[in-house]
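The values are calculated or read from the model by the stated rules, or taken from the named source; none is laboratory data. On a predicted model such as this, the values are computed, not experimentally measured, just so you know. Cβ placement follows ideal geometry from the backbone for every residue including glycine, while neighbour counts extend to all protein chains displayed.
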């Protein structure tokens, strides 16, 4: 099963990384429009998102506009503390000093630890039941299991990562929502 999951993950990442700029631009614009609509609908005061990595959709413009619309809002980025441990979420603003983590992903050098009401989580491969494949480290599953109260989760990705099944494992947490360039989908079972 893990071989099948690795193949799905690798295929989805490769397809996303090879999108040319002309093909990617309209997909990302549509996806960002849908994310903004869902944020308006769900109206969180605190959200977390991920710095774009390996061709993931760039949500920074969406988050910047969302923050600018209401000074009471806060955004955060996930911080990996140690392998096999839940992540924390460090406050981010467009003015935050950014430093690379051990994977080379940028994170705020400092900032308050926040508990997000909603987390925008990247999708490599994903299925209609809301299950996703990340990079295989289990960071989000451990983090979601540890957070109380549990946040709303929104999987963010391109349709090219959609698969029939991700072969979910007992520890996998389905997303509450899926957002792609094709639209917003509420996952009923989540």
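Structure summary
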read-out	value
Unique residue being within 24 Å of residue 29 (Cβ to Cβ) and surrounded by 13 or more Cβ atoms within 10 Å (Cβ to Cβ) when the list is 65, 90, 73	73
Extreme residue, nearest to the chain's Cα centre (by Cα), among residues of segment 144-168 that are more than 18 Å from residue 59 (Cβ to Cβ) and not in a loop (DSSP other than H, G, I, E, B)	144
Segment 169-181: number of residues that are touching a strand residue (DSSP E or B) at 6+ places or on another chain (Cβ under 9 Å) and either surrounded by fewer than 16 Cβ atoms within 10 Å (Cβ to Cβ) or modelled with pLDDT under 95 (or both)	2
Scope segment 144-162; condition crowded, with 20+ Cβ neighbours inside 10 Å and in contact (Cβ under 8 Å) with a residue 40 or more places away in the chain; matching residues	151, 154, 156, 157, 158, 161
Test: residue in segment 14-25 that is under 18 Å from residue 183 (Cβ atoms), touching a helix residue (DSSP H, G or I) at 6+ places or on another chain (Cβ under 8 Å) and at pLDDT 95 or above	no
Yes/no for residue 140 being closer than 15 Å to residue 88 by Cβ, in contact (Cβ under 8 Å) with a residue 40 or more places away in the chain and crowded, with 22+ Cβ neighbours inside 10 Å	yes
